[in-house]
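Since every read-out is calculated from the coordinates, none of them should be taken as a lab result. All values derive from a computational prediction rather than experimental measurement. Every residue, glycine among them, receives a Cβ derived from its backbone with ideal geometry; neighbour counts consider all protein chains shown.
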There are 2 protein chains.
Amino acid sequence: LGTETHSLQDMFGDVKFVCVGGSPWRMKAFTEYIAAELGMEDPKSEYPNICAGTDRYAMYKVGPVLSVSHGMGIPSIAIMLHELIKLLYHAKCTDVTIIRIGTSGGVGLDPGTVVVTKQSVDPTFQPRFEQVILGKTVVRNTDLDQSLAEELLQCSKELSQFKTVVGNTMCTLDFYEGQARLDGAFCSYTEEDKQDYLNKAQEAGVCNIEMESSVFAAMCKLSGLRAAVVCVTLLDRLKGDQLGSSHEVLHSYQQRPQILVGYYIKKQLNAKAKDS
Amino acid sequence: LGTETHSLQDMFGDVKFVCVGGSPWRMKAFTEYIAAELGMEDPKSEYPNICAGTDRYAMYKVGPVLSVSHGMGIPSIAIMLHELIKLLYHAKCTDVTIIRIGTSGGVGLDPGTVVVTKQSVDPTFQPRFEQVILGKTVVRNTDLDQSLAEELLQCSKELSQFKTVVGNTMCTLDFYEGQARLDGAFCSYTEEDKQDYLNKAQEAGVCNIEMESSVFAAMCKLSGLRAAVVCVTLLDRLKGDQLGSSHEVLHSYQQRPQILVGYYIKKQLNAKAKDS
């Protein structure tokens, strides 16, 4: 995709909601779900992957909703966000809301609880994202849009299908040692050290742990995008490191952020249709 | 894959070489290439993706060679390496050599030059990998196997198809601002700042820049795997930020690490066959 080869404004100018998530397959499923919710299914067509020329990312569009996969971890989502923000700029999109839907490890929550992130905190529980630019550390703010978080919480109440909380999300660069897991290839600390660290996280208001929210919050804030992070917890890290639920239960948990965000988008579009 | 559901020793016990790279598609292509090189093609069968149940990673095996994709960036490759190292341990593999094949931005090298990494350095040009464990920073060594690097350089001389150098590789957490690019969604520095930084990198012995080598070097060293990083440079960052070569030329560049590593593996297996 380029400004010289495509009319980005024609292709993407109507985008109002961008949903991002780790897995290409999940973002395709989200697109099919949202198309059905909005009554925009096109039974004739598969939704084409707009980034089909690469296997780095996948992107799908249905009406005003763009879905993009971002892989795992801060560097992978940061590359996608740079390119997405440039795309939205060249397409002259306005009033865009961007929501990351994903999975996470919970801290003191029942598995299946959905967490809407208030602030993304680093592994010392500070609400900041440190980035190295030209060899120097730059600190960026990781606040997310509080009114959007509250609206999402309200949507969950209206849906009344699962528990949703607003809280802090810890973002790490590593899934095993970085999240105090005992089951990686290496582990240089004890079970007690781990519990102590996770208890401190809980005391600092950490509700869940994932690997992309800090740079997502920082980059969306810098570019003036209204942003939220909605992740379901697949396990309670205070009780273990490995998934204990069945494949079917985990699959239903993973659909919760989709259902919540789908409901929110539908509600927004209905409100806008009434206004006009 | 699990120790309870699979005999990992039967499936993977014969693995002697592991090749890892970012893209699932490229690792499949590498598997097909290496199968042909080793005369192990199975014309009847597609090589099945051993991780087909997930779209996080792809894994292929042909004879003693395992190919695994790792996505983009330190967090993504770290998750894969934790799981790979556990797999090799449970499969009781011995004398394993692991090589990352990839692409990179060159620093003062003609595009298409292959760089075999001597040390992976951080964005301040120090040979170290900083990791946060239980909220505290731990520094790990990023030395790679020097004899393996020399053997790969010797292979390139024997092949005589493209230029290969041994040098330092800078590993960053970000592709745009982290690598002093001017063409990201944000940029808070000037063209002069950028040139100054890249010149300093060159003076410090940096030959190329990529996003996975530091944690790869650190984790392989910790687990006693003989490891190398072989990346082709797709452009000279001293001269620009965007790829200037045609699609065909870039594709041929991307095959160079495969060709070099394929030659090395064949040579090793032939030497072993002679010995026995």
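Which ordering of A:Thr124, B:Thr233 is given by a fewest-first count of other beta-carbon atoms within 10 Å? Working shown, then result.
Values: A:Thr124 14, B:Thr233 27.
If I rank by nearby Cβ atoms, fewest first, I get A:Thr124, B:Thr233.
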Let's test this: bin the Cα-Cα distances of the stretch A:1-108 at 5 Å from zero up to the farthest pair and state each bin's percent. 2, 11, 22, 25, 21, 12, 4, 2, 1, 0, 0
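Counting other C-beta atoms within 10 Å, which of B:Leu144, B:Leu159 has the fewest, and how do the rest follow?
Ascending Cβ contact count within 10 Å gives the list B:Leu159, B:Leu144.
Quick check: net charge around A:Asp236, other residues with Cβ under 14 Å of its Cβ, Lys/Arg +1 and Asp/Glu -1? Don't jump to the answer; show the numbers that get you there.
Details: positive: A:Lys163, A:Arg181, A:Lys194, A:Arg237, A:Lys239; negative: A:Asp110, A:Asp241.
After counting each charged neighbour, the total is +3.
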Can you tell which of A:Ala36, A:Gln255, A:Ala204 lies farthest toward the positive end of the dipole of chain A, using +1 and -1 charges on the Cβ of basic and acidic side chains (Lys, Arg; Asp, Glu)? A:Ala36
If each label sits 7 angstrom from Cα along the C-beta direction, how far apart, in nm, is A:Ser188 from its counterparts in the other copies? 3.0
Under unit Cβ charges (Lys, Arg +1; Asp, Glu -1), what dipole magnitude, rounded to 20 debye, does the stretch A:8-270 have relative to its Cα centre? 640 debye
Straight-line reach only, C-alpha to C-alpha below 25 angstrom: list the lysines that A:Lys239 could link to, leaving out same-chain residues fewer than 8 apart. A:Lys118, A:Lys163, A:Lys194, A:Lys200, B:Lys86, B:Lys136
Sparse-neighbourhood loop sites, trypsin sites (Lys or Arg not before Pro) in the stretch B:135-227 - DSSP loop, at most 14 other Cβ within 10 angstrom: B:Lys163
Between the label point of B:Glu248 and that of the same position in each other copy, find the distances and list them shortest first in nm, with every label point placed 7 Å from Cα along the Cα-to-C-beta direction. 5.5
On a 0 to 90 degree scale, rounded to 10, what angle separates helix A:74-90 from the longest Cα axis of chain A? 20 degrees
Whole-Hz ³J(HN,Hα) from phi, Karplus 6.51 cos²θ - 1.76 cosθ + 1.60, for the stretch A:140-147, glycine and proline x: 10, 6, 10, 5, 10, 5, 5, 5
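If each residue's Cβ is checked for other Cβ atoms within 10 Å, how do A:His6, B:His247, B:His70 rank with the fewest at the top?
B:His247, A:His6, B:His70
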Which is farthest toward the positive dipole end of chain A among A:Phe216, A:Asn168, A:Tyr89, measuring Cα position about the Cα centre, with Cβ charges +1 (Lys, Arg) and -1 (Asp, Glu)? A:Tyr89
Gyration tensor (alpha-carbon) shape descriptor, the protein assembly as shown, a/c threshold 1.5: prolate
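Taking only C-alpha pairs under 8 Å that are 6+ residues apart, what is the relative contact order of the stretch B:8-270 in percent? Working shown, then result.
Working: 507 pairs, mean separation 66.9, N = 263.
Computed value for the stretch B:8-270: 25 percent relative contact order.
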Across 5 Å bins from the origin, how do the percents of Cα pairs in chain B run, short distances first? 1, 6, 12, 17, 19, 17, 13, 8, 4, 2, 1, 0, 0
For the stretch A:245-254, what does the Karplus curve 6.51 cos²θ - 1.76 cosθ + 1.60, with θ = phi - 60°, yield as ³J(HN,Hα) per residue in whole Hz, taken in order and with x for Gly and Pro? 8, 5, 3, 5, 5, 4, 4, 5, 4, 5
How far is helix A:191-203 tilted off the main Cα axis of chain A, in degrees rounded to 10, range 0 to 90? 50 degrees
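Using a cut-off of 15 Å between beta-carbons, work out the net charge of the residues near B:Asp143 (Lys and Arg +1, Asp and Glu -1, B:Asp143 not included).
+3
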Return P(r) of the stretch B:67-132 (all Cα-Cα pairs; 10 Å bins starting at 0; whole %; ordered from short to long distances). 14, 40, 36, 9, 1
Residues whose modelled amide H sits under 5 Å from the amide H of A:Thr142, counting only those 5 or more places away in sequence or on another chain, are A:Phe129
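Place a +1 charge on the Cβ of each Lys and Arg in the stretch A:107-205 and a -1 charge on the Cβ of each Asp and Glu, then give the dipole magnitude about the Cα centre in debye, rounded to the nearest 20.
260 debye
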Measure of size requested: the Rg and Dmax of the stretch A:181-265, with Cα atoms as the atom set and Å as the unit; please supply both. 16.0, 45
